[in-house]
Amino acid sequence: MPKSGQARVPTREQQSHLFQVIQDHRHPEKNTAIMQVSFKLGLRAQEIALLQVKEIAKLNPSGTEFKLLEVMSLPAAYTKGADAMKRSKSHYQRKTISFDIENFDKVVRQIEVLAKSGADVNPENFYPPVKHHKGKSRDLPMVDQDLRNALIRYLNLRLGKGERLKPSSPLFITQKGGPYSPNTLQEHMALMLRDWAGIEKASSHSGRRSLITNVIHKQKKSVKIAQKIAGHVNPSTTLIYEEPPEEVLEDALKRL
């Protein structure tokens, strides 16, 4: 089983079941497209929430027709998460801090001086500055036919309802017609995986983990390729996916 905190990597059969049960619920075209993007391109939920039509299709001037692109170009800003489009109300809370030895010695001396003078000492005044994640742009070929078909069906559905699309229109919209917040989409994807498809410990990250694990373990591609697909700035993050997938562990245990 995956260790605590890691999203479940669904088997091929579980993935197939997921796409089947999606058809039994409301908005099957949209939900199929969302999960195809997750499993076939490995996007994070926050990135999927921020996608605009221009990332996947070229529109005619009136916004009534489109042509699906061959390559999705994901802006670096999207990997920063919700703050890139001001769609999240959550605030960052620090849980850990770290110092090198030289800076730690400086902080201790400063606190010592303040304490001797009788001044109040506020720990937050000595925290190091927050290092903001810069994000990384990436181009992802949309070559999978199921993915392309799902996106085409979903956009045609919206056009069929009389909507005029703009390049900046959100790719995925809620029932109210607005864009998803990353948190809301995260919860919706988890609902489809866990409640609808019954995949234990699955989360919005399961599609991403599934793709990267497949690239490394089944396709035997280099970590460099997996890193490029995932958009990881540091290759050490990608190396986490070198851990054997659950189905390999299950096969090993069956052979005892």
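Quick rundown of the values:
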read-out: Portion, in percent, of the accessible area of the chain that falls on carbon or sulfur, probe 1.4 Å; value: 52
read-out: Most mobile of Asn125, Asn183, Asn149 in a GNM of the chain (Cα contacts under 10 Å); value: Asn125
read-out: Most positive-pole-ward Cα, Asn149, Ser137, Ser169, against dipole of region 136-177 from beta carbon charges; value: Ser169
read-out: Answer label, with mean projected area of the Cα convex hull in nm² calculated from the coordinates and candidates [x] 16.1; [y] 18.9; [z] 14.3; value: [y]
read-out: Calculated FRET value between Asn149 and Ala76, using beta carbons and R₀ = 45 Å, to 0.05; value: 0.95
read-out: Residue with peak Gaussian network fluctuation, the chain [Cα springs, cutoff 10 Å], from Lys30, Lys95, Lys224; value: Lys95
read-out: ³J(HN,Hα), Karplus 6.51/-1.76/1.60, whole Hz, each residue of region 41-49, x for Gly, Pro; value: 10, x, 6, 5, 4, 5, 6, 4, 4
read-out: Surface per residue (accessible, 1.4 Å probe) for the chain, Å²; value: 61
read-out: For Ala57, distant residues with modelled amide H under 5 Å away; value: Leu69
read-out: MRE, 222 nm, helices only [DSSP H, n ≥ 4, -39500 (n - 2.57), over the chain, to nearest 500]; value: -12000 deg cm²/dmol
read-out: Rounded tilt (10° steps) of 145-160 against the dominant C-alpha axis of the chain; value: 80
read-out: Chain lengthening between Lys166 and Val107 when straightened (0.36 nm per residue, less Cα-Cα); value: 16.0 nm
read-out: Most fluctuating residue given options Ser98, Ser206, Ser168, as computed from a GNM of the chain linking Cα atoms under 10 Å; value: Ser98
read-out: Mean separation of Cα contacts under 8 Å, 6 or more apart, over the residue count of the chain: relative contact order %; value: 35
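The values are calculated or read from the model by the stated rules, or taken from the named source; none is laboratory data. If you're wondering where the values come from, they're calculated on a predicted model, not measured in any experiment. No Cβ is skipped: glycine too gets one built from the backbone with ideal geometry, and neighbour counts run over all protein chains shown. The accessibility values were calculated without ligands, DNA or RNA, using every heavy atom of the protein model including side chains. Shrake-Rupley method; radii C 1.70, N 1.55, O 1.52, S 1.80 Å.
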